[in-house]
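*Asks:* My questions all concern the structure below.
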Amino acid sequence: MTHVATDQTILVVGGGISGMTAALEAAECGKRVVLLEKSPTLGGRTALLYRYFPKLCHPACGLEINLRRLKGNRNLRVVTMAEVTAINGTRGDYTATVRISPRYVNDNCTGCGDCARAVQAEIPNPFNYGLDRIKAAYLPHAMAYPQRYVLDPSIAGTEDGARAKSACKYGAVDLDMREETLEIRAGAVIWATGWEPYDAAKIQPYGYGLYSNVVTSVEFERLADPHGPTGGRIVRPSDGREAKDIAFIQCAGSRDENHLRHCSRICCMASLKQSQYVREAFGDAGKSTIYYIDIRAIDRFEDFYQKVLKDPGVRFVKSKVARIAEDVKSRDVVLHGVDTEGYHRYENRHDLAVLAIGMQPSVPAGKIPAEVIADSSGFIESAAAGSGVFGAGCATNALDVNRAVQSSTAAALRAIQVVNRIARAEA
Ligand SMILES: Cc1cc2nc3c(=O)[nH]c(=O)nc-3n(C[C@H](O)[C@H](O)[C@H](O)COP(=O)(O)OP(=O)(O)OC[C@H]3O[C@@H](n4cnc5c(N)ncnc54)[C@H](O)[C@@H]3O)c2cc1C
Ligand code: SF4
Ligand code: SF4
């Protein structure tokens, strides 16, 4: 077991935009920070978006700025493939036990890609929510940090693993890597493990997994992205035909006692934004219909909503869609429900249905190895009395990037206050 850091260190768990922000804010205030990320790269789910509302800018900008700040900061240590399994101790004096999974690629990696060309096995591409496949030796995405390839564990010990090793001119493929355990001492912990999409297959009336032209909003981000599985062409998974008439189904899993009780707060804005992807792709031929209970576009997002309301290519139907069927011949999706403004039943046909899927904590509070106060959905509401473990970003609620960043800065401040007290006591 390797031991690192001291109790004046701040430990940040989760390397999405929230964890990166909290880590940078603390490190730029002169604090020692260890940032842990369970996947092979920093960036989290924002790196998987095509554009950001409300300005429709590309997430790469924000990510690049943070990575530049991070690379220039000597107080900050990043550990990827790392998951906390236990946190012992009290405020000001914690010891976290961390499991490090093998990457099978060491620091010598130049990112040349020869290993990927050499291996034959393919795996579902995590960056595209499994919509396409990639080689089992891969760089997670173009902006990945660290810029190091990773070998999928399924090829370690196989002929493919050996092929990757012999293809690498830099001695970077290390098939002897094993799981490691790390112990980290820290005065305060920031828990920033973010969110995950609700499992759409559980919403049975919507036929996700049954009908190929029913996709989720997170998958739609990838379909619209030039780096996505279709090179940015918005097409139907069933037949590759352009999907010019799209239904967006709000509250898919959210505000529903059978699924997630809470409003996921982001999904209205996500669908409004995605209707603009359809316009961008097809001009006047692009048609979006948003089926909604009520549109929740808070604060400054209201302007964006008002703009989309004026778009003749976007139609709003006030209705909770009851069920989705499929026309077996055309593979069109057929939506059934009642329009609650006119109170008439509809049976509407579209090329593609996009489920505005709910957001839930990726590590619900009950699974966090420390005491926190949580709401009924498992988001962290606040730190427990006298605790030095603070929630940040979407671990605390379904938040847009701006609010996630604000929450992370607040968490960094609280953590700094804890380690400052230790420093004063030791002086
Ligand atoms: C369809 C859709 C579209 C959206 N579009 C926008 C938009 O246009 N504009 C906007 O402002 N917001 C948008 N959002 C919201 C945005 O995605 C979130 O605000 C953002 O991802 C929050 O970042 P985060 O760091 O809190 O969480 P995440 O992005 O989820 O990052 C969490 C990180 O923690 C890591 N992690 C998880 N568990 C562990 C663990 N046990 N140990 C270590 N690491 C762990 C994960 O691998 C991940 O890297 C959208 C959301 C959806 C659903
Ligand atoms: S592991 Fe080796 S072959 Fe693969 S990208 Fe890195 S340097 Fe290139
Ligand atoms: S943000 Fe909109 S779509 Fe999402 S749960 Fe709330 S009301 Fe429903």
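*Asks:* Taking a quarter of the surface of the convex hull around the Cα atoms of segment 36-83, what do you get in nm²?
*Replies:* Average of the hull's projected areas for segment 36-83 equals 3.8 nm².
*Asks:* Probe 1.4 Å, all protein chains in place: accessible area of SER387 in Å², nearest 10?
*Replies:* About 10 Å², ignoring ligands and nucleic acids.
*Asks:* Show which lysines lie in cross-link reach of LYS55 when reach means a straight Cα distance below 16 angstrom and same-chain residues fewer than eight apart are skipped.
*Replies:* Leaving aside lysines fewer than 8 places away in the same chain, those within reach of LYS55 are LYS273, LYS307.
*Asks:* Restricting to bridges with both residues inside the chain, how much of the DSSP beta-bridge set is antiparallel, in percent to the nearest 5?
*Replies:* DSSP beta bridges in the chain are roughly 50 percent antiparallel.
*Asks:* If you don't mind, another one. May I ask you to derive the relative contact order of the chain, considering only C-alpha pairs under 8 Å and at least 6 residues apart, and to give it as an integer percent?
*Replies:* Taking the mean separation of contacting Cα pairs over the length of the chain, I get 20 percent.
*Asks:* Where in the chain is the longest stretch that carries no trypsin sites (Lys or Arg not before Pro) classed as loop by DSSP and with at most 14 other Cβ atoms within 10 Å?
*Replies:* 330-427
*Asks:* Can you return the lysines within cross-link range of LYS367? Criterion is Cα-Cα under 26 Å, with same-chain partners fewer than 8 residues away left out.
*Replies:* Straight-line reach from LYS367, under 26 Å: LYS38, LYS202.
*Asks:* Compute a Gaussian network model of the chain, connecting alpha carbons closer than 10 Å, and tell me which residue from ALA243, ALA167, ALA252 fluctuates the most.
*Replies:* ALA167
*Asks:* While we're looking at this one, here's another question. Compute the FRET efficiency between ASN108 and LYS367 as 1/(1 + (r/R0)^6), taking r as their Cβ-Cβ distance and R0 = 45 Å, and round to the nearest 0.05.
*Replies:* 0.80
*Asks:* Only four residue types carry charge here, +1 at the Cβ of Lys and Arg and -1 at the Cβ of Asp and Glu. Report the dipole size of segment 254-354 about the Cα centre in Debye, rounded to the nearest 20.
*Replies:* For this selection, approximately 100 debye.
*Asks:* How big is D for segment 286-375, in µm² s⁻¹ as a whole number, if Stokes-Einstein is applied with the Kirkwood radius of its Cα pairs at 10 °C and 1.306 mPa s?
*Replies:* 98
*Asks:* Could you compute the net charge surrounding GLU221? Neighbours are other residues with a C-beta less than 15 Å from the C-beta of GLU221; K and R count +1, D and E count -1.
*Replies:* -1
*Asks:* Answer with one residue from LEU352, ALA192, HIS259: the one whose Cα lies farthest towards the positive end of the charge dipole of the chain, charges on Cβ with Lys, Arg +1 and Asp, Glu -1.
*Replies:* It is ALA192, whose Cα lies furthest towards the positive end.
*Asks:* Moving to a separate point now. Where the accessible area of the chain is counted over protein heavy atoms with a 1.4 Å probe, how much of it, in %, is carbon and sulfur?
*Replies:* C and S fraction of accessible area: 49 percent.
*Asks:* Moving on. At most 12 other C-beta atoms within 10 Å and a DSSP loop state: those are the exposed GluC sites (Glu not before Pro) I care about. Give me the longest piece of the chain that has none.
*Replies:* Excluding the exposed sites themselves, the longest stretch runs over 1-178.
*Asks:* Show me, for segment 297-314, the HN-Hα J-couplings you get by feeding each phi into the Karplus relation (A = 6.51, B = -1.76, C = 1.60, θ = phi - 60°), rounded to Hz, glycine and proline as x.
*Replies:* Per-residue couplings from phi come out as 10, 8, 6, 5, 5, 4, 4, 5, 4, 4, 5, 5, 4, 7, 6, x, x, 10 Hz.
*Asks:* Loop only by DSSP, 15 or fewer other Cβ within 10 Å of the Cβ. Give me the chymotrypsin sites (Phe, Trp or Tyr not before Pro) in segment 298-352 that pass, ordered by residue number.
*Replies:* TYR343
*Asks:* Can you bin segment 144-214 into rounded, prolate or oblate? Criterion: square roots of the alpha carbon gyration tensor eigenvalues sorted a ≥ b ≥ c, rounded for a/c under 1.5, prolate for a/b above b/c, oblate for the rest.
*Replies:* oblate
*Asks:* For segment 110-205, what is the accessible area per residue in Å², given a 1.4 Å probe and the full set of protein chains?
*Replies:* Heavy-atom accessible area per residue stands at 48 Å².
*Asks:* With point charges of +1 on the Cβ of Lys and Arg and -1 on the Cβ of Asp and Glu, referenced to the Cα centre of the chain, which listed residue (GLY393, ALA60, THR230) lies farthest in the positive direction of the dipole?
*Replies:* ALA60
*Asks:* Placing unit charges on C-beta atoms (Lys and Arg positive, Asp and Glu negative, everything else neutral), compute the dipole magnitude of segment 302-391 about its Cα centre in debye, rounded to 20.
*Replies:* 300
*Asks:* While we're looking at this one, here's another question. Might you report the magnitude of the Cβ-based charge dipole of the chain about its Cα centre, with Lys and Arg at +1 and Asp and Glu at -1, to the nearest 20 debye?
*Replies:* Using Cβ point charges on Lys, Arg, Asp and Glu, the chain gives about 640 debye.
*Asks:* Of ILE246, ALA86, GLY313, which is farthest along the charge dipole of the chain in the positive direction, counting Lys and Arg as +1 and Asp and Glu as -1 at C-beta?
*Replies:* Positive-end residue among those listed: GLY313.
*Asks:* Where does each of ASP160, ASP284, ASP239 land when they are ordered by accessible area, with a 1.4 Å probe and the largest first?
*Replies:* Order by accessible area, largest first: ASP284, ASP239, ASP160.
*Asks:* Would you work out if the chain is rounded, prolate or oblate? Take a ≥ b ≥ c from the square roots of the eigenvalues of the alpha-carbon gyration tensor; rounded if a/c is under 1.5, else prolate when a/b is larger than b/c, oblate otherwise.
*Replies:* Taking the square roots of the gyration eigenvalues as a ≥ b ≥ c, the chain is oblate.
The values are calculated or read from the model by the stated rules, or taken from the named source; none is laboratory data. Only a predicted model underlies this, so the values are computations on that prediction, with no experimental measurement involved. For neighbour counting, all protein chains shown are included, and Cβ atoms are generated from backbone atoms with ideal geometry for every residue, glycine included. With ligands, DNA and RNA removed, areas are computed over all heavy atoms of the protein, side chains included. Shrake-Rupley method; radii C 1.70, N 1.55, O 1.52, S 1.80 Å.
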